[in-house]
Amino acid sequence: MWQTFLRRLCDSADADFAGLFLRSSDGRDLVSLIESAFPMPVQFEKLFAQACDNGPFRTRPMREGRVYSLDELVEAGGEAERAFRTNVLVPLDVTSMRAMRLREQSGLDAWLVLAGERYLGAEVGNLFSALTPHLRVALRVLATLERERTRSSLNADIFSRMNFGWISVDAHGGIVDLDEQAERLLQQSRIFRRGPYNRLTPSSPSVDRQLTDLLRKFAGNSRALPRAINLSQDPWLDILVSPLRVRALTGDTRAVGVIYFRGDRQSTANRCAQLCDVFNLTDSEARLAWAMTQGKSIVEAAESCGLTVETARNYSKKIYAKTGARGQVDLVRHILTGVLALA
């Protein structure tokens, strides 16, 4: 969209070049968008962007919202301005230029530039002034989109580290959409696979039957209750099969259900070693703590770890003291929502 805007701006002003330069609020990143009325060599385009970055737009103070001419930007300037004229303007036969700087409230700086061999007079300044309120809105939208993109990337990273993912499916179990985590699950795990006709196929026949029944139910009733299913204990993997309650106006609308999964990329042995490191537990205490974290009672955890119930109760007191937990529920929270969830 920006390139189309610059191309039309170039045509409207009968200019040879139109450019938009965006600098991040921290002053480090520069985005250069350049359109020309004729094919411009790649080396000149790069040189133009570099020179604008290091030349008059960077070295000369430009009042926000004011339109500047070439003489105001380059004439009587320093070394950077002279280099800009010699290395860029002269080879491109640029004898006239108009430029304006706008600053978005988030700190995003933007420079709009028109340049060419033909004299760009007051009418171009008027055009820039007329465009200013629209450019401000566009920059505000751009800054908002960038913030949302950053937040989305951070959220996706957290979900990735915690091994959350989702797959939307139609009434027959066909995969409609999925995120990157789910794609990795299908590639690396034997628990799920892509079957014929892109159908999501669990390795367990009983899970397959449960999933088929749930999707059939969701197709007829979008308010049906979700269902949680455990697929694996080591490494641990659970899924929540839920009717799809988020609808979009566009895109594929075949999906009736979404499968959320949360698992563990680490084996029980690795998790126990991490518990030893984080909470200074002994090996036996770590094994018991991890078993209790999986929702087992103290009796079940003792049996799975080969301990007597009395020994397990003694270990649990030491575990609570070292982790700061006030009981099993608090222990689960300490472990599953702490830094180990990101490991």
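The values are calculated or read from the model by the stated rules, or taken from the named source; none is laboratory data. Since the structure is predicted, the reported quantities are computational estimates derived from the model, not experimental observations. Backbone-built Cβ (ideal geometry, glycine too); neighbour counts: all protein chains shown. These accessible areas exclude ligands, DNA and RNA; they are computed on the full protein's heavy atoms, side chains included. Shrake-Rupley method; radii C 1.70, N 1.55, O 1.52, S 1.80 Å.
Points to keep in mind about this one:
- Residue in region 141-153 that is open to solvent by less than 20 Å² (accessible area, probe 1.4 Å) and either in contact (Cβ under 8 Å) with a residue 12 or more places away in the chain or touching a Pro at 6+ places or on another chain (Cβ under 7 Å) (or both) present: yes
Listed here are the residues, each with its yes/no results for (1) farther than 30 Å from ALA291 by Cα; (2) among the aromatic types (Phe, Trp, Tyr); (3) in contact with a Ser or Thr (Cβ under 8 Å, 6 or more places away or on another chain).
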| site | (1), (2), (3) |
| --- | --- |
| GLN187 | no, no, no |
| SER204 | no, no, no |
| ASP208 | no, no, yes |
| SER222 | yes, no, no |
| ILE229 | no, no, no |
| GLN233 | no, no, no |
| TYR260 | no, yes, yes |
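- Here is the figure for region 177-206: residues that are within 21 Å of the chain's Cα centre (by Cα) and closer than 12 Å to ILE259 by Cβ total 6.
- Odd one out for GLY257, checked against (1) in contact (Cβ under 8 Å) with a residue 60 or more places away in the chain; (2) surrounded by fewer than 17 Cβ atoms within 10 Å (Cβ to Cβ); (3) not hydrophobic (A, V, I, L, M, F, W, C): (2)
- Some residue of region 77-100 being at pLDDT 75 or above, open to solvent by less than 10 Å² (accessible area, probe 1.4 Å) and part of a helix (DSSP H, G or I): no
- Test result for LYS296, modelled with pLDDT of 90 or more and open to solvent by 20 Å² or more (accessible area, probe 1.4 Å): no
- Any pair with Cβ under 6 angstrom, 6 or more apart, that starts in region 326-343 at a residue that is in a helix (DSSP H, G or I) and open to solvent by 20 Å² or more (accessible area, probe 1.4 Å) and ends at one that is polar (S, T, N, Q) and at pLDDT 80 or above: VAL332/THR293; HIS334/THR323
- Condition met for GLU285 (modelled with pLDDT of 90 or more and surrounded by fewer than 16 Cβ atoms within 10 Å (Cβ to Cβ)): no
- For ARG216: the one exception among (1) among the basic types (Lys, Arg); (2) within 29 Å of the chain's Cα centre (by Cα); (3) modelled with pLDDT of 90 or more: (2)
- Taking each residue of region 101-119 that is farther than 17 Å from CYS10 by Cα and of a type in the set (Ser, Thr, Tyr) and looking for partners that are modelled with pLDDT under 90 and open to solvent by less than 20 Å² (accessible area, probe 1.4 Å) with beta-carbon atoms closer than 7 Å, six or more apart or interchain, yields SER106/ALA143.
For every residue, the table says whether it meets (1) modelled with pLDDT under 80; (2) open to solvent by 20 Å² or more (accessible area, probe 1.4 Å); (3) not in a loop (DSSP other than H, G, I, E, B).
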| residue | (1), (2), (3) |
| --- | --- |
| GLN3 | no, yes, yes |
| ARG7 | no, yes, yes |
| SER12 | no, yes, yes |
| LEU22 | no, no, yes |
| SER25 | yes, yes, no |
| PHE44 | yes, yes, yes |
| GLN50 | yes, yes, yes |
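- Failed criterion for ALA122 (all others in (1) loosely packed, with under 13 Cβ neighbours inside 10 Å; (2) farther than 30 Å from ARG7 by Cα hold): (2)
This table checks each residue for (1) surrounded by fewer than 16 Cβ atoms within 10 Å (Cβ to Cβ); (2) basic (Lys, Arg); (3) in contact with a strand residue (DSSP E or B) (Cβ under 8 Å, 6 or more places away or on another chain); (4) not in a loop (DSSP other than H, G, I, E, B).
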site	(1), (2), (3), (4)
HIS172	yes, no, yes, no
GLU183	yes, no, no, yes
TYR197	yes, no, yes, yes
LEU200	no, no, yes, yes
ARG209	yes, yes, no, yes
ARG216	yes, yes, no, yes
SER222	yes, no, yes, no
ILE229	no, no, yes, yes
SER232	yes, no, yes, yes
